[in-house]
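The values are calculated or read from the model by the stated rules, or taken from the named source; none is laboratory data. Everything numeric here is computed off the predicted structure, so don't read it as measured data. No Cβ is skipped: glycine too gets one built from the backbone with ideal geometry, and neighbour counts run over all protein chains shown.
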Amino acid sequence: MIPAPFEYAAAESAGHALELLAEYGDDAKLLAGGHSLLPMMKLRLAVPSVLIDIGGVNELAYIRTDGDDLVIGATTRHADVAGSERVRSGAPLLAYSAAQVGDPQIRHRGTIGGSLAHADPAADLPMALTALGGSVELMSPSGTRTVPAGDFFTGYFETSLEPGELLSAVRVPRQPGADWGYQKFVRRANDWAIVGAAAVAGRVALANMGPTPIRARAVEQALADGAGPAEAAELAADGTEPGEDIHADRAFRQHLSRVLTRRALEHQRG
Amino acid sequence: MSILGTRVLRTEDPGFLTRGGVYTDDVEDERLAGACHVFFVRSPVAHAVIRSVDVSAAREAPGVIAVFTGADLTGLPALPPPVPGMINDLMNQPLLARDVVRFVGEPVAMVVTQDPYQGEDAAELVDADYDLLPPVVDMSAATAADPIFPDAHTNVAASFGDADQFDPALFDGCETIVTRTIENQRVAPAPMETRAAAAAWGEDKDAGGRLTAWIPNQGAQGTRAVVASMLGIDPASVRIITPDVGGAFGAKFGADPEHGLVCWVARQLGRPARWAETRAENMVAMTHGRAQRQTITIGGRRDGTVLAYRLEILQDSGAYPKFGAILPSLTILMTPGPYSFPRAEAAAVSVLTNTTPVGAYRGAGRPEATAAVERAIDLFAAEIGMDPADVRRKNLLPAFTEPHTTAFGAVYDSGDYTTALDKALAAAGYQDLRDEQAKRRANGDVVQLGIGLASYVEITGSGSEAGRPQENATVEVHPDGSATILTGTSPHGQGHSTVWAMLASEELGIPVDKITVKWGDTDLIPQGGGTGGSRSLQQGGAAVQQASQELLEEARQRAAGELEANPADLVFDIGSSAFTVAGDPDASVPLARLAETERLVVRSVFSAPGATFPFGAHVAVVEVDTETGKAVLRRMVTVDDAGTLVNPLLAEGQRHGGIAQGAAQAFLEEVVYDADGNPLTTTFADYPFLSATEVPSFELADMATPTTYNPLGAKGIGEAGTIGATPAVQNAVVDAVSHLGVRHIDMPTSPQRVWRALREAAAPPAAGTAAPAAGTSESRDAQ
């Protein structure tokens, strides 16, 4: 429960963070809110030799409208996303999702970019980004590339972030007035989802049903073909191979995905 | 007006809420200057022969002062069993593993460093080579498995009664018999403060110098005995000091190998040593609790009369038999609970497994008895189609005021179980709840209502100083008008400072805020039974009252001399804390002045005629989502009769904490191992508790039947919550889905278990196949 020794460097700007990343290379990890990385370091599941702290990089903490998109800087705290009128009106599912992360203490430290880069398939924001059809902006010395959620999450705690890249912003389409539903199945308020389901405008994403947040494409197709929520939701587990743990085996997760998808499609929030 | 029975705010709280507690790891003391820090290297495997432990690289790591393995511990005896004579003594735990490791988390080596942060780094460099042995993980496999201690030729650590001698005619005459094997799962005490120690030896250590050790504990005197025994020294050479203790729940009684080893390191290196374990260590190396598999059989008539009850216990003791191995003796003692079963019998076997040792945990054996019999009553009620409240009423012992001796040798001091049940049902609005339940059932609602009951009686105050129900207290009045109390109890959250001061204030007229309560320093208080088994108020508090009264008598004699009056003519005025001559208000002398020439101090030992038996009834109301299997606690209504309450606020606090902890066992908590004996629940992300967001406000109904076993009329309240709430909540979850054919769901009643039980009830497995998650069940009609 005590991390291995590491060096610490505070980045003063996004550019400075990239310089530090280039300097320290693969041994470095970016530190934002620290609410995923530090526990992993204490358990020695993560042993970075250098922490580059971008928590104080104010230029990465913002919420803006850019045409049809909402753009949120990577170090924006969950509490700020959850409380933002701009997010609540333009992408209410995202605001709601940010409000489900952990507990108030975590939401005031943890950041949207950190959560997405951590890529826990059981977490709220990766599922929300997937459901919303959002993308992330990845900054490197050679420029910035935009990667859709579906391409960003590549495996269990794995993303398409390249060495030397910094997740700088999150982009989601504005869909004011779109119906949405959100289901996070937990035993306690501050737990990770045993299974989660998020639905908005005909898109459905599931949490903890595989190594990454996944789209329930069979459900989406059935909806597009005119099926009702109950009928479409029956297809939620199709093709999934969720993991097993002390909370749920595969059959139970698949069952939950169907129930939660139906409730999300019925615009229930819980 | 008496201060007793009033809601005096805890005098402890301002300090805790402002500066914070001073726990063992916080202690600053010149005797600990320059202390080194101990970190334990623990076994990563459940069962293996230790081929070698190479510490050479660790010795070279930054800050490392020394590294020790079991081979270095020459002359240190193994940890003795907690109760001599009850446990197989060929199964003792070496302080550091030697030759064999027997559970994940067992200490294998010690790294001693300058800085506390260096230990874990250096520990990674200790290279231990293990030859894996097959682990025994499931307690049911233990008796047939190869012995974990080959010399013992058995994995049975202790047994109580003999199931082979059960009466084959026990259930004769029963119209209905139900039998079932149920789990009282292994749980982790997980106190907020993990284990720790700080040790310093006097300069003259080679000439029989003394050890001073700061250790969080539940009774410094018992801790002193165990530490002295581990080090092979005279207890008189050991001084234990108890700093603030952040929770214990039974798991901080005595001392563990790590505590003894930290003291040994300090002696070996000739400098003070400190240790504070991490949470991950605590989850695998502090004793666990419960861990019983019970087979319950209940039989009776279809009118609801129970005629016979049988309890067969398999106790998982973990890798080394500790208090957990003898827990079943307490369970057996309380087998019939509050019921008047004409026939009942019980037996238990405690076995070793390659898991963390099991110890006492809030209730220690009694919650397990209550859980068993309360499930049995509900299974019986379901089988005959009768309201479980009616079955309880029909079988509860009638109210009694003279001691009642059970077939298992327990002597219940007094009880009125039916009134407790009726009060709880009335407070809950039982009939309205049943009506609401019927409505939801008729509607086929997704979210169903469950109502669970538990009637209980428990034993408190059986543990004690010197093996008898007694405790000592010393009360001293000082010339400045203040007073000091020394107690042999050992609070770690209970509020003894507040209540002991109230008891002395009541007798001596000294304000509570001028009374200091001290405990937990064995040089100051050489004797004491500590705090556990809900004994403190009824014995330690009674001792404070008795000592205060005796002090007042001593003061009366002195006042008589001072005032030149007959002692019998003196009146003690509580308001001014002074003796006055009757009829002469001007002739007066305050207590404080009587302490000026000679210390005014009395030490007194209170002895109780026996243990007391608090009782009560809990009603849990849950909602179960029949689609997801998730159960949520909506209401918790309890009657907990602990006799006369000295401070209702603190009694309620004990009930609140206990109820939440008990409900958490029913809903969530479980220590899980994989098939290789690897613990899967070593963080609070995997080992969940109920938090404030998961519990409703508890509804506490009043009932107070004084005991005659102490002048306070008080019984214990510390464990009532975990005794009543656990089965009430479990019964409620089952009740919510009983109309769908579910008869039992093991704890914790996780969503997956509830869902599976529902699925199996809807489509019962084909004949001949087992129903794995829901346990085994058998019911039959006889005759």
task: Specify which of the listed residues (B:G250, B:G304, B:G300) is within 25 Å of the chain's Cα centre (by Cα) and at pLDDT 95 or above.
output: B:G250
- request: Give, as residue ranges, the strands (runs of 3 or more DSSP E) completely inside region B:76-179 that count at least 1 residues that are under 20 Å from B:V349 (Cα atoms).
  value: B:156-160
field: All positions within region B:306-340 that are over 27 Å from B:A144 (Cα atoms), hydrophobic (A, V, I, L, M, F, W, C) and buried (at least 24 other Cβ atoms within 10 Å of the Cβ)
entry: B:V306, B:M334
statement: Note: among B:L96, B:L4, B:L79, just one is under 25 Å from the mean Cα position of the chain (by Cα) and of a type outside the set (V, I, T), namely B:L79
query: Given the structure, is B:E175 under 31 Å from the mean Cα position of the chain (by Cα) and not assigned by TED's automatic domain parsing to the domain that holds B:R362?
result: no
- prompt: If you go through region B:319-345, how many residues are in contact with a Pro (Cβ under 7 Å, 6 or more places away or on another chain) and more than 16 Å from B:M86 (Cα to Cα)?
  reply: 2
message: Just checking, does region B:120-139 include any residue being of a type in the set (G, A, S) and either in the same structural domain as B:G299 (by TED's automatic domain parsing) or farther than 30 Å from B:C36 by Cα (or both)?
response: no
message: Please go through region A:128-150 and give me each residue that is more than 20 Å from A:A98 (Cβ to Cβ) and assigned to a loop (DSSP other than H, G, I, E, B), ordered by number.
response: A:P141, A:S142
- prompt: Considering only residues of region B:10-62 that are assigned to a strand (DSSP E or B) and under 31 Å from the mean Cα position of the chain (by Cα), which is farthest from B:A109 (Cα to Cα)?
  reply: B:Y23
- prompt: How many residues does region A:170-222 hold that are of a type outside the set (A, V, I, L, M), within 14 Å of another protein chain (Cβ to nearest Cβ) and not in a strand (DSSP E or B)?
  reply: 6
task: Might you let me know whether region B:95-103 holds any residue that is under 21 Å from B:R271 (Cα atoms) and modelled with pLDDT of 95 or more?
output: yes
message: Let me spell it out: the conditions are (1) within 14 Å of another protein chain (Cβ to nearest Cβ); (2) touching a helix residue (DSSP H, G or I) at 6+ places or on another chain (Cβ under 6 Å); (3) within 14 Å of B:H618 (Cα to Cα), and B:A631 meets all of them except one. Which number is the exception?
response: (3)
message: Tell me yes or no: at least one residue of region B:312-335 is among the charged types (D, E, K, R), in contact with a Leu (Cβ under 8 Å, 6 or more places away or on another chain) and in contact (Cβ under 8 Å) with a residue 24 or more places away in the chain.
response: no
Residue among A:E220, A:E244 that alone is free of Cβ contacts under 8 Å to residues at least 12 places away in the same chain, at negative phi and not aromatic (F, W, Y): A:E244
query: In the set B:M139, B:M110, which member is modelled with pLDDT of 95 or more, buried (at least 23 other Cβ atoms within 10 Å of the Cβ) and either more than 18 Å from B:E258 (Cα to Cα) or within 14 Å of chain A (Cβ to nearest Cβ) (or both)?
result: B:M139
statement: In region B:669-693, anything farther than 10 Å from B:V187 by Cα, within 11 Å of another protein chain (Cβ to nearest Cβ) and among the hydrophobic types (A, V, I, L, M, F, W, C) is listed as B:L680, B:F684, B:A685, B:F689, B:L690, B:A692
field: Listing of helices (runs of 4 or more DSSP H) fully contained in region A:1-99 that carry 2 or more residues being outside the structural domain of A:A122 (by TED's automatic domain parsing)
entry: A:14-24, A:37-42
query: Looking at region A:250-270, is at least one residue in a helix (DSSP H, G or I), free of Cβ contacts under 8 Å to residues at least 12 places away in the same chain and buried (at least 17 other Cβ atoms within 10 Å of the Cβ)?
result: yes
query: Residues B:V178, B:V227: which one is farther than 18 Å from B:F323 by Cβ and crowded, with 24+ Cβ neighbours inside 10 Å?
result: B:V178
message: Among (1) within 30 Å of B:V112 (Cα to Cα); (2) assigned to a loop (DSSP other than H, G, I, E, B), there is one condition B:D303 misses while meeting the rest; what is its number?
response: (1)
- prompt: Can you find even one residue in region B:53-67 that is in contact with an Asp or Glu (Cβ under 6 Å, 6 or more places away or on another chain), at positive phi and touching a residue at least 24 places away in the same chain (Cβ under 8 Å)?
  reply: yes
query: Of all the strands (runs of 3 or more DSSP E) wholly in region B:437-497, which have at least 1 residues that are closer than 26 Å to B:F615 by Cα?
result: B:447-457, B:470-477
Selection from region B:668-716 of residues that are among the hydroxyl-bearing types (S, T, Y), in a loop (DSSP other than H, G, I, E, B) and either more than 25 Å from B:V733 (Cα to Cα) or in contact (Cβ under 8 Å) with a residue 12 or more places away in the chain (or both): B:T681, B:T682, B:T683, B:Y687, B:T705, B:T707, B:T708, B:Y709
task: Give A:P5, A:P39 a once-over and let me know the one that is under 20 Å from the mean Cα position of the chain (by Cα), surrounded by fewer than 22 Cβ atoms within 10 Å (Cβ to Cβ) and within 14 Å of chain B (Cβ to nearest Cβ).
output: A:P39
- prompt: Is there any pair with a first residue in region A:45-66 that is over 12 Å from A:T111 (Cβ atoms) and a second that is acidic (D, E) and in a loop (DSSP other than H, G, I, E, B) whose Cβ atoms are under 9 Å apart and which are 6 or more apart or on different chains, and what are they?
  reply: none
- request: Report yes if A:Q175 is over 30 Å from A:I246 (Cα atoms) and surrounded by 16 or more Cβ atoms within 10 Å (Cβ to Cβ), otherwise no.
  value: yes
task: Identify all residues within region A:149-164 that are touching a residue at least 60 places away in the same chain (Cβ under 8 Å) and over 13 Å from the mean Cα position of the chain (by Cα); write none if there are none.
output: A:P163, A:G164
query: With respect to B:V446, is the statement that it is of a type in the set (A, V, I, L, M) and closer than 26 Å to B:G299 by Cα true?
result: no
message: Is it the case, given these coordinates, that B:E694 is surrounded by fewer than 21 Cβ atoms within 10 Å (Cβ to Cβ) and either at pLDDT below 95 or among the β-branched types (V, I, T) (or both)?
response: yes
query: Could you count how many residues in region B:562-583 are of a type outside the set (A, V, I, L, M, F, W, C) and surrounded by 12 or more Cβ atoms within 10 Å (Cβ to Cβ)?
result: 7
